[in-house]
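The values are calculated or read from the model by the stated rules, or taken from the named source; none is laboratory data. Predicted model only: the values in this text are computed from it and were never measured. Every residue, glycine as well, gets a Cβ built from its backbone with ideal geometry; the counts of neighbours run over all protein chains shown. Remember, those area values only see protein heavy atoms, side chains included, never the ligands or the DNA or RNA. Shrake-Rupley method; radii C 1.70, N 1.55, O 1.52, S 1.80 Å.
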Amino acid sequence: MNLRDLQYLVSLAEHRHFGRAAEACFVSQPTLSTQIKKLEEELGVPLVERTPRKVLLTEVGRDIVIRARDVLNGIEQIRGVARRTLDPESGTVRLGIFPTLGPYLLPHVLPLVRKAFPKLELLLVEEKTEAVLRLLREGKLDAGILALPLHEDSLHREFLFEEPFLLAVSAEHPLAHRRGQLKLGDLSNQNLLLLEDGHCLRDQALEVCHMAGAGERGGFRATSLETLRQMVAANVGITLLPVTAVKPPVAPVANLHLIEFKGHPPSRRIAMVWRKSSAMDGFLQRLAVVLRQLPADLLDAHTAATAMPSTAASPPTRNTARRNGFA
């Protein structure tokens, strides 16, 4: 048994097809098939059920694949330890982040990372939270930036920041005039536009709705924050937006009014997480410190909120009028 055979088996488990698994491993299909067969003969148990349409793993095959992933992940960590011993700030970090944060946070933090670790190769993977957690468990990611809470005992959590939400409404909505005075209770009996299942922001918004006595608008679920923005601007409904999603370089949307909550606003807590067993723990701690060094106003909901309209200028007094030649 060698590491190459374990890589072939894991690839076959992921692709469920000999041809695609061989392509992913950069070998021919007969080579991969032969090596899997030899591995079965060496272990004395069948690992794969070969059917005309697809490949299925046997029960013992699935069990061995789990352990094979652990072995391959351990080998990669050994290589990483060796690389970082020679140069602690070089090498590669595979970082996962969820889609309602990645496009808005990364433009601000990537320059900080490049400045702090100029030789670091940062490979970014944007996936929904459950996919990031699965990739972390499988050793395919080194760390993730996710929203708390997380129910994963195997992961270390390093808190980064708390991000407030703003209420997004159109200019025609009755709440538009409540700018700067909005309370959570003002959402009572409102129905909000939300993202589709699988987005952690959907769960966070539903939690806010529950606290406020609000609900979800039926018949519509967005696939992205950009869709939500456009629907609100078209006066289809209202929604909650995280503050990073409305700060530059994000372009403003016409007819979209952003309202700050009075007092402590609803928010989400963001953390960097990685496996407690990771050999990169020391470096990831240092990376988390850099990720906390965000621009001062990035998380300021007040500067993101739509400004109140200026009051009309008062008429000039008699003395002022005389000074300006009007009397």
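Residues in region 162-179 that are touching a residue at least 24 places away in the same chain (Cβ under 8 Å) and open to solvent by 10 Å² or more (accessible area, probe 1.4 Å): E162, P164, A171, E172, H173, L175, R178, R179. Here E226 passes the criteria (1) modelled with pLDDT under 90; (2) open to solvent by 70 Å² or more (accessible area, probe 1.4 Å); (3) not hydrophobic (A, V, I, L, M, F, W, C) except the one numbered (1). Among the residues of region 173-217, those identified as under 25 Å from F98 (Cβ atoms) and small (G, A, S) are G198, A205, A212, A214, G215.
Right, I259: touching a His at 6+ places or on another chain (Cβ under 9 Å) and of a type in the set (A, V, I, L, M) or not? Taking the combined requirement at face value, the residue does not satisfy it. Taking region 201-223 as the range and being in contact with a Ser or Thr (Cβ under 6 Å, 6 or more places away or on another chain) and open to solvent by 20 Å² or more (accessible area, probe 1.4 Å) as the test, only G213 passes.
Among the residues of region 244-284, the ones that are buried (at least 16 other Cβ atoms within 10 Å of the Cβ) and among the acidic types (D, E) come to 1 in all.
Looking at region 106-126, which of its residues are among the acidic types (D, E) and at pLDDT 95 or above?
E126
Name the residue that is modelled with the lowest pLDDT, counting only residues in region 65-96 that are farther than 22 Å from Y8 by Cβ and part of a strand (DSSP E or B). Applying the filter and picking the extreme gives G91. Residues in region 84-109 that are free of Cβ contacts under 8 Å to residues at least 24 places away in the same chain and exposed (fewer than 13 other Cβ atoms within 10 Å of the Cβ): T85, L86.
Specify the residue that is nearest to L106 (Cα to Cα); the eligible residues are those in region 271-308 that are acidic (D, E) and without any contact (Cβ under 8 Å) to a residue 60 or more places away in the chain. Step by step, filter region 271-308, then rank; the result is D297.
Of the residues making up region 233-243, those that are more than 22 Å from L299 (Cα to Cα) and surrounded by 14 or more Cβ atoms within 10 Å (Cβ to Cβ) are A233, V236, G237.
In the set L136, L148, only one residue is farther than 15 Å from S267 by Cβ and modelled with pLDDT of 90 or more; that residue is L136. Tell me yes or no: at least one residue of region 299-307 is among the β-branched types (V, I, T), open to solvent by 50 Å² or more (accessible area, probe 1.4 Å) and within 30 Å of E138 (Cα to Cα). The answer is no; no qualifying residue exists. Sort out which residues of region 135-166 are within 29 Å of V10 (Cβ to Cβ), in contact with an Asp or Glu (Cβ under 8 Å, 6 or more places away or on another chain) and in a strand (DSSP E or B), and write them in order of number. Listed by number, the list holds a single entry, H156.
For region 115-134, enumerate the residues that are in a loop (DSSP other than H, G, I, E, B) and among the basic types (K, R). Across region 115-134, the qualifying residues are K119, K128. Applying the criterion of being open to solvent by less than 70 Å² (accessible area, probe 1.4 Å) and among the hydrophobic types (A, V, I, L, M, F, W, C) to the residues of region 61-80, the residue that is nearest to A279 (Cα to Cα) is I75.
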